[in-house]
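Trainee: Below is a structure I'd like to ask you about.
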Amino acid sequence: MGEEYMSETYKQKVRGMSLKWKMTLMSMCVSGLSLILMSLVMISYESIAIREVSDKHIETLSNVVAFHAGSILASGESDDLGLVLEAMEADKNVLSATIQTPNGDSFAWYRDEIIDGNGEEVFQEALTKPLSHEGEALGTLSLQTANSDFQARLWRYVLVIGNIFLLATFVSYFAAMRLQRLVSKPIVDAIKIAQETAGTDVLKCAETSSQDELMLLHCLLEQIKSRKPVFDEEHAELRAFTRALNEMLLVVNTDGEIQMANSSSEKILEYESGELKGKNIQSLFNQKQKWKTVVGYTEMLADGTLVKDEISLTTKNGKNISASLSASGIMRDDELTGLIMILQDLRGRKSLESQLVQAQKLEAVGQLAAGVAHEINTPMQYIGDNTEFLSTSFDGLLTLLKKYEKLEKEVKESPKNFEAVLNEVEKCHKDVDADYLMEEMPEAITQTKQGVAHVVKIVQSLKAFSHQGGKDRQLIDLNKAVENVVTVAKNEWKYVSDLTTELDPNLEMVPCFSRELNQVMLNIIVNAAHAIEEKKGKDGPKGNIKIETKQIDGEVEVRISDDGPGIPQSVQDKVFDPFFTTKDIGKGTGQGLSLAHSVINDQHKGQLDFETSSEGTTFIIRLPLVSDVGVDDEHGEEVVT
């Protein structure tokens, strides 16, 4: 049981090892076994070769000694045998040599037989050679040889092979480490991708506590495989969502190439299915908006800015359509890799906005009708009274003039009647009160002329205020536009406040849509008058409205301030919401400031803001002096005439 437990524990440890250590261990084992096997083969081969050389040497030596010993025995000079045997002293492998008679008696020898401490003979091999001469047996030569030289040479060879084995072991280790990096790196990269794909499921695989990359990769792939049906379902839902989306949905890379377009994009832009994919987004922009590059968007999106814009697109058939753009960045490893663009066709909304603007204008006309009528009625009343006075006075003066003509005639024709006619003239002069008429008529004429000029000014201001304008922006005199609006709205503010202006005389001509801008300024002035009336009441002291214009860094600024109650903190973020109003029913629809914000921010690419406190409110209109759309220079002066 203990051995089985240890074996199982060892297996688990091996399974839990990382891939690189498994590969290193396996490479070392294979290379080690290969080196050991190769070393054994080489040692065996070398030992055989050394043994063959040694045996051949002893064989040659014994043949030479046997030949000489046989010759000596044949000559009867047996005393020389000792000298022959002593010649073998030079060979350290020969332990002893003995020459025996045919009967087995020893009569010459070189060293005695070597016996160890146990009485055993110490030699490796014994060699016997017969001694003969011309076919006659004379005796035998017995040799005892040792293998010390063989063992020494073999041991030196083993040491060399051992050093080579150690060197090869280190080389194979480093080679295995290098090899495992080459093999494991792609696997580790694949694990990272699998981890990103598997998401939180990687924790389930990590709980196995295994460090084997292949096992971890296998586990992650199994998790991904198990989630594939969910992915497929979500992908199908996403495709259904993009198909059902009424807005245009485009996925664009950082080079501006369209990677994906939903069916609404193809339908609205009049392209066939799949035709938009691969096109550059720039080809969809209207010619006037080619400056709106994807590079410009990516710079903002890389900083985490959500891009919102209003652009003009060109369909495949050359139609221009307005669209609102909302773009967000696709980030990967803190790097922007693309954009998701949602574009909404504004043609329907533009129509509704046009209707709302028209309704707002009608509302403004309704607000101004009584005031303008009153402003015109007052001078018209004294113009009418003066006209009636001048007409009556003219009848009296005409009668008096006729009397003077009669007097002149009588003087020429009948001097006798001069006195009577003179009395009649004097009576007529007194009856028509000619002195009074001569004094009052010039004043009446002057007053009438002033009234006519006042009416003309109101009519001209009203005409300028309601000027239709064109599809393109026009260059206007903003100061003159402010004066016209002040005149048109006079009946709204003159009873509750005083109005002062500080207009920059060096203001440049401003490219804008004149009628819409006039409407915005009118709405703000009327709101200011209503706010002052709400704070001070009709019978309270008058408030103050101040209008300033100035030019700052490539844009003009119009500031309209009042000393009303200010805007409460609780509703400040709703000021520009459609249909939001704090006025009583019948005094406001909540469209004025909403449309004003749309006109300034969206249509003019400017900015409408406000500053408020308990001491009053200031609305700030900022308009760019450089327009990104066409300017109708031909009608640029219409507004100011």
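Trainee: Right, Asn118: polar (S, T, N, Q) and either at pLDDT 75 or above or surrounded by 12 or more Cβ atoms within 10 Å (Cβ to Cβ) (or both) or not?
Mentor: It is false that Asn118 is polar (S, T, N, Q) and either at pLDDT 75 or above or surrounded by 12 or more Cβ atoms within 10 Å (Cβ to Cβ) (or both).
Trainee: Then there is this: Out of Val41, Val14, Val84, which single residue is modelled with pLDDT under 75, surrounded by fewer than 14 Cβ atoms within 10 Å (Cβ to Cβ) and not small (Gly, Ala, Ser)?
Mentor: Val14
Trainee: Filter region 614-641 down to the residues that are within 39 Å of the chain's Cα centre (by Cα) and at pLDDT 85 or above and list them by number.
Mentor: Result: Thr617, Thr618, Phe619, Ile620, Ile621, Arg622, Leu623, Pro624, Leu625.
Trainee: Collect the residues in region 492-527 that are over 20 Å from Gly606 (Cβ atoms) and either among the hydroxyl-bearing types (Ser, Thr, Tyr) or touching a residue at least 60 places away in the same chain (Cβ under 8 Å) (or both), keeping them in residue-number order.
Mentor: Glu492, Tyr495, Ser497, Thr500, Thr501, Val526
Trainee: OK, next. Scan region 18-38 and give yes if some residue there is modelled with pLDDT of 65 or more, more than 60 Å from the chain's Cα centre (by Cα) and not β-branched (Val, Ile, Thr), otherwise no.
Mentor: yes
Trainee: Still on this structure, I have one more. Which condition number in (1) of a type in the set (Ser, Thr, Tyr); (2) touching a Lys or Arg at 6+ places or on another chain (Cβ under 8 Å); (3) modelled with pLDDT of 75 or more is the one that Ser148 fails?
Mentor: Looking at each condition in turn, Ser148 falls short on (3).
Trainee: Can you confirm whether Pro541 is more than 15 Å from Ile600 (Cβ to Cβ) and surrounded by fewer than 15 Cβ atoms within 10 Å (Cβ to Cβ)?
Mentor: Against the criterion (more than 15 Å from Ile600 (Cβ to Cβ) and surrounded by fewer than 15 Cβ atoms within 10 Å (Cβ to Cβ)), Pro541 qualifies.
Trainee: Looking at Asn93, Asn63, which is the one that is modelled with pLDDT of 75 or more, assigned by TED's automatic domain parsing to the domain that holds Trp155 and touching a strand residue (DSSP E or B) at 6+ places or on another chain (Cβ under 9 Å)?
Mentor: Asn63
The values are calculated or read from the model by the stated rules, or taken from the named source; none is laboratory data. Remember, predicted model here, so these are calculated numbers, not experimental data. Neighbour counts are summed over all protein chains in view; Cβ atoms, including those assigned to glycine, are modelled from backbone coordinates with ideal geometry.
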